[in-house]
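Report on one structure; see the data block that follows.
The values are calculated or read from the model by the stated rules, or taken from the named source; none is laboratory data. This structure is a prediction, so every number in the text was calculated from the model and none was measured. Here Cβ is always computed from backbone atoms with ideal geometry, including for glycine, and neighbour counts include all displayed protein chains.
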Amino acid sequence: MSKGKEKTKSNKISTTEWLRVSKKLSDPAILRHLLSNAFHIDFEKQTLDPALFEKTYDLGAVPRKIVSADTIESVLGLGQETLDLQIAMSKRTPKGTALIPQIQSLLPNNVNRRERESFTYALSRIITERFPKNTRWPIVPVGLDTLSASLLQLFIISKAVDQRIPWIIAIWKTKIREAKIVTLDTIQELLSQKRSPEEIEESLTEANEIFNATLSLIPKLENQDPFSNQISDWIADLTVAEDKDLQDTLDDIKKEVREAIAEIKEHNKSLKENINVQSDPATNWNNLSLRSDGPVSDEHRALLRLLRMEFNILRYDPIRKLCINLAHVETPNHPSVVDLMQVSEFAGRNAYNELHRLQLLFNEFYIPNFGKIGLRYRYIFADSQRAGVDSEGLVEKLEFIEDDIRSCTIHLEPSWSEGPDIRLFSGKFNEAVVEDEIVSLNLNHYDLKKCDWTALKYGASHPKQKDSLLIQRSTQTENKKPFSLSPRQTELLGILWSLEGPDTHRNWLLDEVNYRRQTANLNLGIMLENEVLRLLYLPALEFCKLPDGLVAYANCSDRKSRDRLVNHIIESQPFSRIHLGDTNDVVAHIRSPSKQSDTVAGSLNGKMQEFSDNHFTARMQERRTYKIPVFHRLLDPKTRMWRNPW
């Protein structure tokens, strides 16, 4: 999978040991630790060494000459969205005597030295298109750090699907947000000190000037950044406040600053409207891919989320057609060269090379049939982000941008479990118990002419849909015969369920934890044959222009109402992952196009009223998963029975 240091088998940890030491970590953290161990690398300390990278991959150095401004602006997307930034900055043009200084002249002032080196080196290779071709891209290539590696990884993907990405704009958006957080922290610190009103005004003015200077803004221009205007308003409030109202004014400013800090760090809606961070994706999704932009680049996740948000891989015909052709395939190791040749004009060696590039953009999506192995989900929604309920069966934590519903923990438990005694916890809670799962990608909502998702209109009826464009898998099967997992099958289930990526990533991970591939293939075949697992091939959703997450819950009045609601969600949403149960509970995880979550929530709430007196929607702020070791925590190795996690 990479050109990293070779490891002997004795250096690799066993699957059981890996799961034991990992059982309290999130899935991204587990993968990050495993990858660090595999390549003998501390990813956060990995440094950029251009000469070593060029020597390893037989590449020439970056040219020491000027590149035309038109070329740089076209490749890096400069100027494509300057109005969207809503900042008072002059049109930035590349300046310098060679390509490296030209790129450096385009970066914000608050880019640190290490980032500046990584940005300029990666972007220089993007502009000149000098990068390793027709080779498997390692997670962190020799000579690169995680930032430069992830940028080049995303560029390789953009080349595969023939898309141009606004690299510079994404960097500016990320650095503007960082500058706002630093400025707010500075203001909060000075407000906590005993100072005169004049000193506070002076400090606020200085903080505003530093913010503007950091981003190379020109404060005297008419259209200032909304955040800078907010600071100016605080200064004005202090200036006009009478002595008797001064303390109240200070208290109000302190409160607004505290709220602003919390909101900008959590991407809450009110601050997005007030100080302009609406460019950020609404939901912080787990990224569990074994790519350079995955868990190994955790410190750069905000920038990488913005960049992935720019991709739309469904515009590329072979990917979309492969999804449709593989809709009913439920055997591993697809797409294959034959699959690709059926939907494109690629043939021979060209088909093999193209498949190499496209494999990163397909996921084997494994769905456990928990009813067959005696397990089920328990959702616990809470009115506070700190009120989450923990258990040995924890598999997900969700945080929401709502007043009444702030968080949710999702647990696995034996089907006989009575769950926790919620009365022992403070706050308001809402529970749902579900067993089955339906996963659906509905390409009827993808407009081939516009190459984009059709905007949802509140109350609009659904056009007639083609069954061939509905890619779906369900655990609601006729085979209800219980299945007893062996310990090795249990270990495999945790890996398959959690990993996002193609078969090559699955095989690499299994090799790394000493799970013999022959044994894995045998157990996987048994579980698929007995419908303990369902397999669905999906495009990498992080590249499909569906960045916003939403959860919808309803306790339906009867089974018929439940099924009608489920069908409505499948028909109306581009992507949905629906959990449902004998209690007539329905919980749907929905991914929607950018800035459509409010419309989706309104439409769903209106529809759910027809079927349920107890329902709500909650816009998702963050999703963290703990799937990999959960079966290891729940299974008693002696009795091979599930433990009660409560």
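So, of the residues in the stretch 230-245 that are of a type in the set (A, V, I, L, M, F, W, C) and surrounded by fewer than 14 Cβ atoms within 10 Å (Cβ to Cβ), which turns out to be modelled with the lowest pLDDT? First the steps, then the outcome.
Filtering the stretch 230-245 for residues of a type in the set (A, V, I, L, M, F, W, C) gives 231, 234-236, 238, 240-241.
This time we only want the ones that are surrounded by fewer than 14 Cβ atoms within 10 Å (Cβ to Cβ), so: 236, 240.
Numbers: Ala236: 82, Val240: 77.
This residue is Val240.
Within the stretch 494-515, no residue satisfies the criterion of being in a loop (DSSP other than H, G, I, E, B), at pLDDT 90 or above and surrounded by fewer than 18 Cβ atoms within 10 Å (Cβ to Cβ). Against the conditions (1) over 21 Å from Leu326 (Cα atoms); (2) without any contact (Cβ under 8 Å) to a residue 24 or more places away in the chain; (3) more than 24 Å from the chain's Cα centre (by Cα), Ala351 satisfies every one except (1).
Looking at Asp436, Asp447, can you tell me which residue is at pLDDT 95 or above and either closer than 25 Å to Gly602 by Cβ or among the charged types (D, E, K, R) (or both)? I'd like the intermediate steps shown before the answer.
Values: Asp447 fails: at pLDDT 95 or above.
Answer to the selection: Asp436.
Counting the residues of the stretch 570-585 that are without any contact (Cβ under 8 Å) to a residue 60 or more places away in the chain and buried (at least 23 other Cβ atoms within 10 Å of the Cβ) gives 0. Residue count for the stretch 594-617 satisfying the condition of being within 19 Å of the chain's Cα centre (by Cα) and at pLDDT 95 or above: 0. Considering Pro94, Pro101, the condition of being at pLDDT below 90 and either surrounded by fewer than 16 Cβ atoms within 10 Å (Cβ to Cβ) or of a type outside the set (Ser, Thr, Tyr) (or both) is satisfied by Pro94 alone. In the stretch 406-430, the qualifying residues are those that are surrounded by fewer than 16 Cβ atoms within 10 Å (Cβ to Cβ) and among the acidic types (Asp, Glu), and the one that is nearest to Gly393 (Cα to Cα) is Glu418. The numbered conditions (1) over 30 Å from Arg357 (Cα atoms); (2) touching a residue at least 12 places away in the same chain (Cβ under 8 Å); (3) surrounded by fewer than 21 Cβ atoms within 10 Å (Cβ to Cβ) are all true for Lys464 except (2). Pairs are defined by a Cβ separation below 7 Å, a sequence spacing of at least 6 or placement on different chains, a first member in the stretch 142-155 that is closer than 8 Å to Ser292 by Cα, and a second member that is assigned to a helix (DSSP H, G or I) and not aliphatic (A, V, I, L, M); the pairs so defined are Thr146/Phe43; Thr146/Ser297; Thr146/His300; Ser150/Ser297; Ser150/His300. Pairing each residue of the stretch 485-499 that is without any contact (Cβ under 8 Å) to a residue 60 or more places away in the chain and more than 13 Å from Leu634 (Cβ to Cβ) with any residue that is of a type in the set (Val, Ile, Thr) and in a loop (DSSP other than H, G, I, E, B), provided the two are 6+ apart or on different chains, yields C-beta distances under 9 Å for Gln489/Val532.
For the stretch 527-568, which positions are touching a residue at least 60 places away in the same chain (Cβ under 8 Å), closer than 28 Å to Pro502 by Cα, assigned to a helix (DSSP H, G or I) and not acidic (Asp, Glu)?
At the first step, the residues of the stretch 527-568 found to be touching a residue at least 60 places away in the same chain (Cβ under 8 Å) are 528, 530-555, 566.
Narrowing further to those that are closer than 28 Å to Pro502 by Cα: 528, 530-551.
Checking the rest, the ones that are also assigned to a helix (DSSP H, G or I) come to 528, 541-543.
Across the stretch 527-568, the qualifying residues are Leu528, Leu541, Phe543.
For the stretch 218-229, indicate whether the set of residues that are at pLDDT below 65, out of contact with any Asp or Glu (no Cβ under 7 Å at 6 or more places or on another chain) and of a type in the set (Val, Ile, Thr) is non-empty. Checked against the condition, which is being at pLDDT below 65, out of contact with any Asp or Glu (no Cβ under 7 Å at 6 or more places or on another chain) and of a type in the set (Val, Ile, Thr), the stretch 218-229 yields at least one hit.
Cβ separations smaller than 7 Å between residues 6+ apart or across chains give the following pairs from the stretch 608-622 residues that are part of a strand (DSSP E or B) to residues that are aromatic (Phe, Trp, Tyr): His615/Tyr553; Phe616/Tyr553; Ala618/Phe400; Arg619/Phe400; Met620/Phe400; Gln621/Phe400. Taking (1) assigned to a helix (DSSP H, G or I); (2) within 24 Å of Arg308 (Cβ to Cβ) in turn, Arg488 satisfies each apart from (2).
Residue-by-condition table, conditions (1) in a strand (DSSP E or B); (2) in contact with a Lys or Arg (Cβ under 6 Å, 6 or more places away or on another chain); (3) at pLDDT 95 or above; (4) surrounded by 20 or more Cβ atoms within 10 Å (Cβ to Cβ):
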{"residue": "Val338", "(1), (2), (3), (4)": "no, no, yes, no"}
{"residue": "Met341", "(1), (2), (3), (4)": "no, no, yes, no"}
{"residue": "Arg349", "(1), (2), (3), (4)": "no, no, no, no"}
{"residue": "Tyr352", "(1), (2), (3), (4)": "no, no, no, no"}
{"residue": "His356", "(1), (2), (3), (4)": "no, no, no, no"}
{"residue": "Ser384", "(1), (2), (3), (4)": "no, yes, no, no"}
{"residue": "Glu392", "(1), (2), (3), (4)": "no, yes, no, no"}
{"residue": "Asp404", "(1), (2), (3), (4)": "no, no, no, no"}
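For the stretch 160-172, residues that are surrounded by 22 or more Cβ atoms within 10 Å (Cβ to Cβ) and assigned to a helix (DSSP H, G or I) total 6.
Kindly establish whether Asp298 is more than 26 Å from His505 (Cβ to Cβ) and surrounded by fewer than 21 Cβ atoms within 10 Å (Cβ to Cβ). Against the criterion (more than 26 Å from His505 (Cβ to Cβ) and surrounded by fewer than 21 Cβ atoms within 10 Å (Cβ to Cβ)), Asp298 does not qualify.
Name the one entry in Lys464, Lys428 that is closer than 25 Å to His328 by Cβ and modelled with pLDDT under 95.
Lys464
Asp452 satisfies every condition listed in (1) more than 19 Å from Arg619 (Cβ to Cβ); (2) more than 21 Å from the chain's Cα centre (by Cα); (3) charged (D, E, K, R) except (2).
Of all residues in the stretch 549-567 being closer than 18 Å to Ser474 by Cα and buried (at least 18 other Cβ atoms within 10 Å of the Cβ), which is farthest from the chain's Cα centre (by Cα)?
It comes out as Arg562.
What are the residues in the stretch 363-415 that are β-branched (Val, Ile, Thr) and either under 20 Å from Asp636 (Cα atoms) or in contact (Cβ under 8 Å) with a residue 60 or more places away in the chain (or both), if any?
As a first pass, look at the stretch 363-415 and keep what is β-branched (Val, Ile, Thr): 367, 373, 380, 389, 395, 401, 405, 409-410.
Listed by number, the residues that qualify are Ile367, Ile373, Val395, Ile401, Ile405.
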